[in-house]
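The values are calculated or read from the model by the stated rules, or taken from the named source; none is laboratory data. Computed from a predicted model, the values in this text were never measured in an experiment. Neighbour counts run over all protein chains shown; Cβ positions are idealised from the backbone, glycine included.
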Amino acid sequence: MLEGKKFLVAGAGGLLGSKLAAALVNDDAQVIAADISLDLMKKRLVSLGLDTNSPSLSCIALDLNDTTSVVDFFATINDVDGAVNCSYPRNKRYGAKFFDVSLADFNENVSLHLGSSFFFIQQCAAYFKRVQIPFSLVNISSIYGVVAPKFEVYDNTPMTMPVEYAAIKAALLHLSKYVTSYVGDSAFRSNSVSPGGIYDHQPEQFLEQYKKQTLGRGMLDIEDVIGSIKFLLSDSARYVNGQNIIVDDGFSL
């Protein structure tokens, strides 16, 4: 379904973005892989078996909070069929518990993540208006953009669910719907995927407590999420617009 299409993957050096880029290339799509650190992204893609010199894969450095670079990038392309924003910008103090979050840090993290997501969405829409070819945008939200956190899964661990994350992911869902309504053209699609927790070597106590809130799967692997993203990028979803697919094995029930 994706053969011969070209997709931009922003945040392709991250846990989700790198594996998504690899999956798209393996499905015979062309990929523009973008991340703030070109070297780290290339190393991660190579570790997944990709050839960064392949004609199917272009690697670029792109900071989504650098508006000039983002505008200049979109001005150079004219044949991209869709984009996925897997980026996750945040400051060094991100992840503090609720009462320890300062207003300055809250505002900075919302600006870095939600602000850059807004600008990326805006530029994807402007690109579509310019080239007038079908375009599918997939935004990565979260179950915690849909439901309130279940704080009991963090009991007896150093972890928490950052308040900035909840605010950002909830707002991102509405931004996705907003641009869909604003552009008002079925050829431009903006949808979201909201994963449950993704396994990344979290503490065993957390993993056990999280699993009890699901129907048995527990934390997801990246591969559990990629199928929904590929569906939304494909022509099989050509009239799916402004929607959110939750992939969480019942965590949000």
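For the range 187-218, name all the residues that are under 18 Å from SER18 (Cβ atoms), of a type outside the set (D, E, K, R) and part of a loop (DSSP other than H, G, I, E, B).
Matches in the range 187-218: TYR199, HIS201.
Among the numbered conditions (1) farther than 16 Å from SER142 by Cα; (2) buried (at least 18 other Cβ atoms within 10 Å of the Cβ); (3) of a type outside the set (A, V, I, L, M), tell me where GLY184 comes up short.
Result: GLY184 passes all but (2).
Among the residues in the range 37-47, are any at positive phi and not basic (Lys, Arg)?
no
In the range 28-86, how many are part of a helix (DSSP H, G or I) and either in contact (Cβ under 8 Å) with a residue 12 or more places away in the chain or small (Gly, Ala, Ser) (or both)? Quick ask: steps written out before the conclusion?
Keep residues of the range 28-86 that are part of a helix (DSSP H, G or I), which gives 38-47, 67-76.
Adding the requirement that they be either in contact (Cβ under 8 Å) with a residue 12 or more places away in the chain or small (Gly, Ala, Ser) (or both) leaves 38, 40-42, 44-45, 47, 67, 69-71, 73-75.
Looking only at that region, the number is 14.
Please find, within the range 195-227, the residue that is farthest from MET159 (Cα to Cα) out of those that are touching a strand residue (DSSP E or B) at 6+ places or on another chain (Cβ under 6 Å) and buried (at least 18 other Cβ atoms within 10 Å of the Cβ). Quick ask: steps written out before the conclusion?
The first filter runs over the range 195-227 and keeps only residues touching a strand residue (DSSP E or B) at 6+ places or on another chain (Cβ under 6 Å), leaving 195-196, 198, 220, 225.
Of the ones still in play, those that are also buried (at least 18 other Cβ atoms within 10 Å of the Cβ) are 195-196, 220, 225.
Working: PRO195: 18, GLY196: 16, LEU220: 18, VAL225: 23 Å.
So the residue we want is VAL225.
Within the range 114-136, which residues are over 19 Å from ASP35 (Cα atoms) and hydrophobic (A, V, I, L, M, F, W, C)? Give the derivation first.
Residues of the range 114-136 that are over 19 Å from ASP35 (Cα atoms), as a first pass: 125-136.
Selection gives ALA125, ALA126, PHE128, VAL131, ILE133, PHE135.
Yes/no per residue for (1) β-branched (Val, Ile, Thr); (2) touching a strand residue (DSSP E or B) at 6+ places or on another chain (Cβ under 8 Å); (3) at pLDDT below 95:
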site: LEU2; (1), (2), (3): no, no, no
site: PHE7; (1), (2), (3): no, yes, no
site: LEU16; (1), (2), (3): no, yes, no
site: VAL25; (1), (2), (3): yes, yes, no
site: GLN30; (1), (2), (3): no, yes, no
site: LEU38; (1), (2), (3): no, yes, no
site: VAL46; (1), (2), (3): yes, no, no
site: SER58; (1), (2), (3): no, yes, no
site: THR68; (1), (2), (3): yes, no, no
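Only one of these conditions is not met by GLU164: (1) surrounded by fewer than 16 Cβ atoms within 10 Å (Cβ to Cβ); (2) outside any loop (DSSP other than H, G, I, E, B); (3) touching a helix residue (DSSP H, G or I) at 6+ places or on another chain (Cβ under 8 Å). Which number is it?
(1)
Considering only residues that are of a type in the set (D, E, K, R) and assigned to a helix (DSSP H, G or I), which ones fall in the range 87-106?
ASP100, ASP105 - these are the residues of the range 87-106 that are of a type in the set (D, E, K, R) and assigned to a helix (DSSP H, G or I).
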